[in-house]
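Reviewing the structure listed below.
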Amino acid sequence: MDPGVLVAQPVAPVAAQAADSWIAQTLVDAGVLDRTRADALLLDSGGKSVWQRAVDQGLTTDERIARAVAMQFRLKLADLASADPRLAQLVPEHVARKHQVLPLSADDRKIRLATADPRDLNAEQAIGFLTGRDVEFLVAPPAALHARIDEIYRPERSIERLLERLEPAQVEAVVEEAFPETRDPVLDAPVAKLVDAMICEGVRQGASDIHAEPEETATVVRYRVDGVLREVMRLPSSAGGALVRRAKIFARLDPTDPLHPQDGRASIRVDGQQVDLRVSTLPIARRGEKVVIRILDKTNLRANVEDIGLSTTEHTLLTRLLGYREGMLLVTGPTGSGKTTTLYAALNQLKTGRVNIVTVEDPVEYDLPGVSQIQVSEAQGLTFASALRSVLRQDPDIVLVGEIRDLETAKTAVQAGLSGHFVLSTLHTNDAASAIVRLRDMGVESFKIASVLKGIVAQRLVRKVCEECAEPITSMDLPPDARPPADWRANPVLRRAVGCKACGGTGYRGRMAVIEILPIGEEVGRVIDSGATPDVIAQAARRHGMGSLWESGLHRMWQGKTTVEELVRVLGERVHEDGTTAPNRPSVMLVPSEVRAAVNEAEHSAAPAAGVTPEGKPRILIADDDAQMRRLLRAVLEREGLACTEAADGLEALEQVAAHPPSLLLLDMDMPRLDGLGVMEELGAHVSTAQLPVIMLTARGDDTESRALELGAQDYLRKPVRPTALSARVKAVLKRVKA
């Protein structure tokens with residue numbers, strides 16, 4: 001037994017006996033339960049095991065019981081996620097279920113099994129005889145063990161359990177399926193229901209995409225909500241093929257061809273509302289197929305320019321640009337920056353019934369009434385350039401070209417703009433001025449660019465703070481260059497993102513655009529014609545009302561719509577006109593004003609060295625959502641003469657680091673709102689916190705260790721943590737840092 005672990009004295013056996021009474025005695029011996037509660041578990045059988053009743057009644061957890069059993073029998077804890085599905089051929093299902101064991105790994109001499117009862121000699125002998133190998137037991141909770149057996153041997157059962165946790169799905173296909181459903185009825189039937197539920201849940205959560213990606217041991221399903229991917233479930237790897245087949249049937253693709261990429265569309269009704277889907281499948285080497293479902297919810301399509309959320313100045317500039325009847329207007333930005341939404345809003349404003357509007361798109365994402373939309377098809381020879389040439393014979397007034405990708409398309413679009421048509425299109429560039437250089441690189445002459453371009457709009461999408469949990473802050477909580485000027489025309493409303501159930505703990509809900517508009521008049525046209533660089537073009541445009549993406553974002557932040565951390569995430573560090581960037585700061589959460597005031601006071605007082613108490617003791621910050629674990633770690637470290645503070649989750653830990661930097665951070669991996677790896681990424685992104693020593697704590701058995709070390713962790717401890725190992729590791733890290 002490890003030093004520092006309290007062991008109860010032997011007690012007399014209870015009168016009532018149960019088949020698994022040994023678990024009760026083990027828990028008493030390990031100090032997990034007292035004798036009174038253990039006796040109550042034995043007397044109240046209820047048809048369940050002592051292990052399960054102890055967990056159901058909230059007396060302890062599966063993890064603590066498994067640790068106690070493993071310590072009692074001097075065994076290791078099982079990592080059920082590492083179980084090799086191929087071993088199902090070595091240990092048949094009826095044997096695994098009879099003895100409630102799961103084969104984890106095997107070699108020529110030994111097979112390793114997960115079990116909740118390491119005393120089961122019958123299982124050891126039977127499986128040893130069956131496989132011709134020595135048996136090694138590892139301990140696992142019975143509920144998790146049963147679920148993993150289902151995943152390996154009967155994956156349809158694990159999928160049914162997932163369906164029970166999801167809300168009922170009301171999905172109805174608008175277009176009939178193009179292929180007969182020739183599926184495996186055992187697995188494909190529940191997967192079909194699961195795909196329906198996934199799409200329903202994605203629409204309800206406002207997801208723009210659903211990703212289902214095969215990995216070595218599972219199929220991972222993630223939603224992209226507000227531009228950020230979020231893992232929502234892991235399915236058995238054997239369910240991946242059925243999931244892809246169901247998605248293909250939805251999109252009228254060929255479910256019998258897993259070797260080639262396929263793209264398709266579907267229209268469904270979710271809760272009575274029609275939603276368009278775009279489905280893309282891609283073969284992944286040695287793993288199967290990945291499927292991405294783009295959700296094109298028509299309710300998210302902005303009706304007109306007024307609904308985009310522009311400032312008065314931005315709205316005036318854009319409206320003026322849309323007033324032209326010849327020339328070209330470009331919208332730039334990376335994929336997913338809302339370019340299509342802005343262009344469709346512009347078309348809705350220009351669609352008066354007295355003009356002929358034609359679009360050339362790849363793909364046509366939304367159907368616009370009153371607009372002729374052409375779908376590009378490279379396979380059939382209908383490219384952007386060839387389609388655009390045909391469109392110009394249709395007497396159009398306004399032409400939208402989905403994207404200018406090559407010189408042929410660029411020259412045709414420019415010629416259309418110079419010959420009396422108003423052309424709208426997109427480019428992939430970082431800012432507005434760079435679009436001009438991009439056209440030059442394609443081979444378009446500078447004088448033609450200066451003649452045809454009327455303006456360029458660059459944009460990004462930033463997340464809006466959640467209205468349910470946002471907290472007010474003061475301007476002193478912001479970096480100096482992000483504070484509103486004294487002559488700001490309205491009282492600034494500054495808020496910080498917190499995180500709640502409504503926003504999934506992110507602190508943000510919904511997105512909006514930040515834009516810069518480069519108007520091109522005579523002066524800017526002459527600068528472009530002279531072959532000037534983007535910075536010279538931008539300087540000339542600023543004299544005619546152009547603002548930067550950062551300025552647009554700051555105005556929205558001063559209105560309480562977003563945060564400076566979100567602007568840094570999307571736009572990067574702010575670059576000033578002199579070429580300098582904003583100073584590196586912890587871009588965690590903006591700490592409350594009272595905390596910031598305390599920090600400022602400490603900085604201007606004769607405070608001790610960072611991370612050390614006034615008595616000279618190193619300060620250790622313990623970040624773990626388990627209060628009992630925090631108390632245990634604190635007790636061990638304080639016995640060693642160290643000072644400790646606590647944080648209940650990742651965001652609280654970051655706030656404490658910003659307010660009172662510790663000498664060392666003990667960081668749990670799995671925490672609400674922000675996990676350990678997220679904390680490491682935030683710390684490493686800034687000079688002021690990148691060198692903070694961190695020891696990661698986790699009960700995981702995956703690649704968390706290597707990921708933590710790559711992000712800068714100094715050491716790594718697996719749970720359950722041994723007191724002697726904890727003391728030794730902490731002292732060693734502090735010694736290295738001091739040296």
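The values are calculated or read from the model by the stated rules, or taken from the named source; none is laboratory data. Owing to the predicted nature of the structure, the values given are computational and were not obtained by experimental measurement. All Cβ positions, glycine included, derive from the backbone under ideal geometry; neighbour counts span all protein chains shown. Remember, those area values only see protein heavy atoms, side chains included, never the ligands or the DNA or RNA. Shrake-Rupley method; radii C 1.70, N 1.55, O 1.52, S 1.80 Å.
Please work out which one of (1) modelled with pLDDT of 90 or more; (2) of a type in the set (A, V, I, L, M, F, W, C); (3) within 22 Å of the chain's Cα centre (by Cα) is the condition C500 fails and give its number.
Going through the list (1) modelled with pLDDT of 90 or more; (2) of a type in the set (A, V, I, L, M, F, W, C); (3) within 22 Å of the chain's Cα centre (by Cα), C500 breaks only (1).
Working only within the stretch 707-727, note down all residues that are closer than 23 Å to A30 by Cβ and exposed (fewer than 15 other Cβ atoms within 10 Å of the Cβ).
Passing the criteria: T724, A725.
Looking at M671, M629 in this structure, which one is buried (at least 22 other Cβ atoms within 10 Å of the Cβ) and modelled with pLDDT under 85? Walk me through it before giving the result.
Numbers: M629 fails: buried (at least 22 other Cβ atoms within 10 Å of the Cβ).
That would be M671, the only listed residue that is buried (at least 22 other Cβ atoms within 10 Å of the Cβ) and modelled with pLDDT under 85.
Suppose the filter is open to solvent by less than 20 Å² (accessible area, probe 1.4 Å), closer than 27 Å to I293 by Cα, out of contact with any Pro (no Cβ under 9 Å at 6 or more places or on another chain) and modelled with pLDDT under 85; does V360 pass it? Lay out the reasoning, then the answer.
Details: open to solvent by less than 20 Å² (accessible area, probe 1.4 Å): yes; closer than 27 Å to I293 by Cα: yes; out of contact with any Pro (no Cβ under 9 Å at 6 or more places or on another chain): yes; modelled with pLDDT under 85: no.
So V360 does not fit the description; no.
Out of curiosity, is P485 modelled with pLDDT of 90 or more and loosely packed, with under 15 Cβ neighbours inside 10 Å?
When the stated conditions are applied, P485 does not pass them.
Mind listing just one residue for me: the one in the stretch 107-130 that is of a type outside the set (S, T, Y) and in a strand (DSSP E or B) and, of those, farthest from the chain's Cα centre (by Cα)?
Taking the candidates together, the pick is K110.
So, in the stretch 500-541, exactly how many residues are open to solvent by less than 20 Å² (accessible area, probe 1.4 Å) and either among the charged types (D, E, K, R) or assigned to a loop (DSSP other than H, G, I, E, B) (or both)?
6
Any residue at all in the stretch 602-622 that is surrounded by fewer than 20 Cβ atoms within 10 Å (Cβ to Cβ), modelled with pLDDT of 80 or more and closer than 18 Å to T698 by Cβ?
no
Of the residues P255, P214, which single one is in contact (Cβ under 8 Å) with a residue 60 or more places away in the chain and out of contact with any Asp or Glu (no Cβ under 8 Å at 6 or more places or on another chain)?
P255
Quick check on my filter: what residues within the stretch 659-673 are farther than 30 Å from P614 by Cβ and not basic (K, R)?
M669, D670, P672
Being closer than 30 Å to R673 by Cα and in a helix (DSSP H, G or I): is that true of R569 here?
In short, yes.
Among the residues of the stretch 481-500, what is the count of those that are without any contact (Cβ under 8 Å) to a residue 12 or more places away in the chain, farther than 14 Å from G560 by Cα and not aliphatic (A, V, I, L, M)?
Looking only at that region, the number is 3.
Residues that are in contact (Cβ under 8 Å) with a residue 60 or more places away in the chain, assigned to a loop (DSSP other than H, G, I, E, B) and open to solvent by 40 Å² or more (accessible area, probe 1.4 Å): does the stretch 262-278 have at least one?
There is at least one residue in the stretch 262-278 that is in contact (Cβ under 8 Å) with a residue 60 or more places away in the chain, assigned to a loop (DSSP other than H, G, I, E, B) and open to solvent by 40 Å² or more (accessible area, probe 1.4 Å).
Regarding the stretch 281-301, can at least one residue be identified that is farther than 30 Å from R393 by Cβ, surrounded by fewer than 20 Cβ atoms within 10 Å (Cβ to Cβ), at pLDDT below 85 and acidic (D, E)?
yes
Would you be able to tell me the number of residues in the stretch 308-350 that are over 26 Å from the mean Cα position of the chain (by Cα), of a type in the set (S, T, N, Q) and open to solvent by less than 20 Å² (accessible area, probe 1.4 Å)?
Counting residues in the stretch 308-350 that are over 26 Å from the mean Cα position of the chain (by Cα), of a type in the set (S, T, N, Q) and open to solvent by less than 20 Å² (accessible area, probe 1.4 Å) gives 0.
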